[in-house]
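Please treat every number below as a calculation from the coordinates, not as lab data. Source: prediction; values computed, not measured.
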Amino acid sequence: MTTVSLARDRDWWRWSAAVGLVRIPPAMATLTLAFAGRYVADSYAVGAALGACFALGEAVSAPWRGKVLDDCTARERTTRMTRALLVSAAVFLALACAVWLKLPLVVLFALTAACAVLPAGLPGGYRALLTGMLDPARLRAAFGWDAAVLEVEWFLAPLLLTLVLLTGQPALAMVVMAVCALGAAAITRRMGDVGSAPAEPAAPAGRGAWKSPAAWPTYLTSVLLGVAEGGLVAVLPALLVVLSAQAAMAGVFAAALSVGSFLGGVLLAVSASRLRGRAVDRADVALVLMGLLLFPAALVPTAPWLLIPLVAGGLFIAPVNALRSEALENALPLRLRSEGFSIQYGAHGLGVAAGSLLVATLVTTNPKLALAVVAGVPALVAAASLAVRLTPSVRRRVVPVASE
């Protein structure tokens, strides 16, 4: 009955359409910028560096951009989000022109950073709208459907990008990103006063999500997941060339990760009631398994074999995402969760930037080595973090505080 009432909610459909369009540009960004670097400077390393610039811009700006959307009424929030999307669309078009005209790299990096910063707080803004839009029962159903749709979007975005890149013009992909921003702006503008949730009590002075020892393991997990995801996507074009395949097919192989992630999310949902242990520990176990299954991708002889480790490793992406969010919710009291999730989003972006920078450093010399590093290093660090955290003296200090 909850799902039926949700399906009849016009605001819910508008919200879903808007947030779906907003997610398309970030899902396309890493690969698009990799090809842009190749087109402008004949270098995948430059493209990976542009991807790192985008991810770093998102990560650094997400907390304060989200705070701007928190400190206002529902109508003001939708107005500010609409303006951010309109300006983002304009900057995406400017970046498309810069790539098409092969302008100096300093211009490309500046525009890439602007494309990342302007919409960085929007995911938190849409989450705030949804929280005030639905009652608790429908809200749980809404988040469940949204998690499933998210994986479909991350599957479709690389395929869409592949079709665009077959034209040989990465600038066209940026035009598509601008169109997505314009569509989201048009829908968001019509959402008006939805999302009018009661304000939560502010956190005490001097207390914040940064200072909770129980939350830091989830922030680290977010960084490590970002390293693996960002690095894997950034390395695919150059890796496919080494494997005698077309670089433009990178979107298809990136979609394989999303297929695995969707299946992993379903398996987690089915088996969640039977799992034991803390969510933060299970998240790191999943991250280790992801790295172990992705590592063989550095050893495959031809491109078709690459699909197997990508799907297998992708099985753990959605579980790591779900478990780290559950762990953060357990670790923080209600008054600190908005800040905590913003920090987590930024931490993932920092990881994507780090993974892209690793690829930018190694891809020219050896794409297979670059893949091995971005798959193996997060798994090793996650294993070490888990081992340290399970030490009795550390475990006693790092305990959930959500009941505070």
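Would you pull out the residues with amide H under 5 Å of LEU332's amide H, same chain only if 5 or more places away, H placed 1.01 Å from N?
VAL401, ALA402
Relative contact order (percent) for region 208-397, with alpha-carbon contacts under 8 angstrom and 6 or more residues of separation? Provide the component values of the computation, followed by the final result.
Numbers: 295 pairs, mean separation 77.5, N = 190.
Computed value for region 208-397: 41 percent relative contact order.
What are the ³J(HN,Hα) couplings of region 113-120, residue after residue, when phi is run through the Karplus curve with 6.51, -1.76, 1.60 and θ = phi - 60°? Round to Hz, x for glycine and proline.
So the Karplus estimates, Gly and Pro as x, are 4, 5, 4, 7, 6, 4, x, 4 Hz.
In whole Hz and in residue order, list the ³J(HN,Hα) couplings for region 243-250 that follow from phi through the Karplus curve 6.51 cos²θ - 1.76 cosθ + 1.60, θ = phi - 60°; x for Gly and Pro.
8, 6, 10, 6, 4, 5, 7, 4
Hey, what do the phi angles of region 299-311 turn into as Karplus ³J(HN,Hα) couplings, whole Hz, using 6.51/-1.76/1.60 and θ = phi - 60°, x for Gly and Pro?
Taking θ as phi minus 60°, the curve returns 10, 5, x, 9, 4, x, 5, 5, 4, 5, x, 5, 5 Hz for region 299-311.
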